[in-house]
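The values are calculated or read from the model by the stated rules, or taken from the named source; none is laboratory data. Note that the structure is predicted; figures quoted are calculated from it, not measured. Cβ: placed from backbone, ideal geometry, glycine included. Neighbour counts: every protein chain shown. Ligands, DNA and RNA are stripped out before the accessible areas are found, and what is left, the full protein with its side chains, is counted by its heavy atoms. Shrake-Rupley method; radii C 1.70, N 1.55, O 1.52, S 1.80 Å.
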Amino acid sequence: MSANSLPVAGMADQIELAWHKAVVAAEGSACISVAVHHRIADVEAPWRALSTSIDSPGQNYDFIRLWVENRKIPEDSQVYVVGRVGGEPIAILPLHRKRVFGIRVFTWFPGSHAGCYAPVADTARLAAMGAEGRAALWRQMLGSVKGAGLAYLRSIPASVDGQDGLFDQLGSSLAVDTLYRVQFSSWEQCDAEQRSRSRRKHDRQQGDRLAALGAVDFEEISDPAEAQKALAIMFEQRSARFRAQGIHDPFVAENLIGFYSAALERSSGVDVRLHALRLDGEIVAVRYNVVHGDRMFCLISSMSDCERIQGGSPGKQCLLRVMQTVFGQGIAIFDMGCGYTDEKRHWCNVQIPLRHHYVGLSPVGKAVALAHRSYQRLRAQAKSNDRIKGALRALKQQRDRLLRREASDQL
């Protein structure tokens, strides 16, 4: 079909898009304005307006508001940078100013506790600005903040809402990981496209082994009191797994259990969905999810370490039932976070590269950014080199000790 024979509605859409791009281009960097706030309540209106679609709980206003409140982060350590084009908000950078290894850094509030992060933004308008316009926007936004030598913006997706490269101009970047998602219109589509015959047989066999041990029940827990009980069991199961792996428990070490408990309260504003699998009434697996619109983000999962039930794979059986349930509840995307696992290999049909972004704001900050990028490259090499892996493990243990000391000093 030629351009002249496009339907009228299609031509109108193209004309509107062209006009929108022309307006944004005409505005240019001269019409960019920036405001910096230190109270999250001051940016609630533009934040909610911009977050019609998000890629992480780290972009969810209520999640971050609760995080700041629960963690008792001082106002002078909270930095909310609002960028406007033509007077209208187009992006927000919610940043935590903190000291890491002696240097002040701007970074995302929840650290490693969400799968990815990104500025809260109107992605369509960002795309229309073009590369030069976005470079000017990020430059002015980060040029307006003071009090740190480096902006370390971890785990930003290379593609957001189908738009590639919207954050390419946000400092220098390094590809570090992959974000895994399950995206289907229904359970039937998911089952048909993602599960092979052998996969179905394997799941059925595991389910039969579990059922042979007792009555199996699956539920989305709605009662607040029961949810808190399930949460306590989930963290007990997580701690047992961390001990078995010989690593520290970040939820205990960073005193985070209270935050996830507070998020369960109906007054929190955070839409938490807690799924549990029971065997003879006892919880043997839990998944802690946050929902925003038609997207569900799995933040924490756990399962019993009881040897008697391992053949029934309670964790995998719980996830299977989650998949069978959520796509019929209006969920279009089930986000399973970053890091490769068997679960993600089995279920996820969408993979998005993640990048760490660095913006040096001082000579020291630029040097630290260069060193951290080298460390991240070394981590990638360690996956195939046991000697490097051992050295990095020792370095990580030392780093964790220093971070725990710094955290205790800041309390």
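If we scan the stretch 167-176, do we find a residue that is assigned by the TED database to the domain that holds VAL100, out of contact with any Lys or Arg (no Cβ under 7 Å at 6 or more places or on another chain), open to solvent by less than 30 Å² (accessible area, probe 1.4 Å) and assigned to a loop (DSSP other than H, G, I, E, B)?
Yes, the stretch 167-176 contains at least one residue that is assigned by the TED database to the domain that holds VAL100, out of contact with any Lys or Arg (no Cβ under 7 Å at 6 or more places or on another chain), open to solvent by less than 30 Å² (accessible area, probe 1.4 Å) and assigned to a loop (DSSP other than H, G, I, E, B).
Tell me, please, whether a residue that is open to solvent by 10 Å² or more (accessible area, probe 1.4 Å), under 14 Å from GLY171 (Cβ atoms) and not in a helix (DSSP H, G or I) can be found in the stretch 137-146.
Yes.
Mind telling me which of the residues GLY149, GLY162 ends up being open to solvent by 20 Å² or more (accessible area, probe 1.4 Å) and either of a type in the set (D, E, K, R) or in contact with a Ser or Thr (Cβ under 9 Å, 6 or more places away or on another chain) (or both)?
Selected residue: GLY162, the only one of GLY149, GLY162 that is open to solvent by 20 Å² or more (accessible area, probe 1.4 Å) and either of a type in the set (D, E, K, R) or in contact with a Ser or Thr (Cβ under 9 Å, 6 or more places away or on another chain) (or both).
If a residue has to be small (Gly, Ala, Ser), part of a helix (DSSP H, G or I) and either modelled with pLDDT under 95 or open to solvent by 60 Å² or more (accessible area, probe 1.4 Å) (or both) to count, how many in the stretch 28-53 make the cut?
Counting residues in the stretch 28-53 that are small (Gly, Ala, Ser), part of a helix (DSSP H, G or I) and either modelled with pLDDT under 95 or open to solvent by 60 Å² or more (accessible area, probe 1.4 Å) (or both) gives 4.
Any residue in the stretch 217-224 that is of a type outside the set (D, E, K, R), surrounded by fewer than 17 Cβ atoms within 10 Å (Cβ to Cβ) and in contact with a Cys (Cβ under 9 Å, 6 or more places away or on another chain)?
Scanning the stretch 217-224, I find at least one residue that is of a type outside the set (D, E, K, R), surrounded by fewer than 17 Cβ atoms within 10 Å (Cβ to Cβ) and in contact with a Cys (Cβ under 9 Å, 6 or more places away or on another chain), so the answer is yes.
For SER268, are the conditions met, namely being farther than 15 Å from MET323 by Cα and buried (at least 18 other Cβ atoms within 10 Å of the Cβ)?
For SER268, the condition - farther than 15 Å from MET323 by Cα and buried (at least 18 other Cβ atoms within 10 Å of the Cβ) - is met.
Got a number for residues in the stretch 310-324 being of a type outside the set (Gly, Ala, Ser) and modelled with pLDDT under 95?
1
Inside the stretch 86-124, can you point out the residues that are touching a helix residue (DSSP H, G or I) at 6+ places or on another chain (Cβ under 6 Å) and either assigned to a helix (DSSP H, G or I) or not assigned by the TED database to the domain that holds HIS38 (or both)?
none
Within the stretch 308-363, work out how many residues are in a loop (DSSP other than H, G, I, E, B) and without any contact (Cβ under 8 Å) to a residue 12 or more places away in the chain. Please lay out each step first, then the result.
Applying the first criterion (in a loop (DSSP other than H, G, I, E, B)) to the stretch 308-363 yields 313, 330-332, 339-341, 348-349, 361-362.
Those still in the list that are without any contact (Cβ under 8 Å) to a residue 12 or more places away in the chain too: 341.
Of the residues in that region, 1 qualify.
Return yes or no: is GLN206 in the same structural domain as GLY293 (by the TED database), touching a residue at least 12 places away in the same chain (Cβ under 8 Å), touching a Cys at 6+ places or on another chain (Cβ under 9 Å) and not acidic (Asp, Glu)?
On the way: in the same structural domain as GLY293 (by the TED database): yes; touching a residue at least 12 places away in the same chain (Cβ under 8 Å): yes; touching a Cys at 6+ places or on another chain (Cβ under 9 Å): no; not acidic (Asp, Glu): yes.
It is false that GLN206 is in the same structural domain as GLY293 (by the TED database), touching a residue at least 12 places away in the same chain (Cβ under 8 Å), touching a Cys at 6+ places or on another chain (Cβ under 9 Å) and not acidic (Asp, Glu).
Condition check ((1) farther than 20 Å from LEU320 by Cβ; (2) part of a strand (DSSP E or B)) across all residues:
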| position | (1), (2) |
| --- | --- |
| ALA192 | no, no |
| ARG204 | no, no |
| LEU210 | no, no |
| PHE218 | no, yes |
| LEU231 | yes, no |
| SER239 | yes, no |
| PHE242 | yes, no |
| VAL252 | yes, no |
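Which of (1) open to solvent by 40 Å² or more (accessible area, probe 1.4 Å); (2) within 26 Å of ARG181 (Cβ to Cβ); (3) not aromatic (Phe, Trp, Tyr) is the odd one out, the single condition VAL326 does not satisfy?
(1)
Rundown of residues vs (1) at positive phi; (2) surrounded by fewer than 21 Cβ atoms within 10 Å (Cβ to Cβ); (3) at pLDDT 95 or above, yes/no style:
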{"position": "SER261", "(1), (2), (3)": "no, yes, yes"}
{"position": "ARG273", "(1), (2), (3)": "no, no, yes"}
{"position": "ASP280", "(1), (2), (3)": "yes, yes, yes"}
{"position": "CYS306", "(1), (2), (3)": "no, yes, no"}
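Which ones in the stretch 300-347 are of a type in the set (Phe, Trp, Tyr) and under 19 Å from the mean Cα position of the chain (by Cα)?
PHE334, TYR340, TRP347 - these are the residues of the stretch 300-347 that are of a type in the set (Phe, Trp, Tyr) and under 19 Å from the mean Cα position of the chain (by Cα).
Yes/no matrix, rows are residues, columns are (1) in contact (Cβ under 8 Å) with a residue 24 or more places away in the chain; (2) touching a Gly at 6+ places or on another chain (Cβ under 6 Å); (3) not charged (D, E, K, R):
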site	(1), (2), (3)
GLY269	yes, no, yes
LEU279	yes, yes, yes
GLU282	no, no, no
ASP305	yes, no, no
ALA367	no, no, yes
LEU378	no, no, yes
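Between residues in the stretch 40-52 that are closer than 13 Å to HIS292 by Cα and residues that are open to solvent by less than 50 Å² (accessible area, probe 1.4 Å) and part of a helix (DSSP H, G or I), which pairs lie under 7 Å by C-beta distance while being six or more apart or on different chains?
ARG48/TYR61; SER51/GLN59; SER51/TYR61
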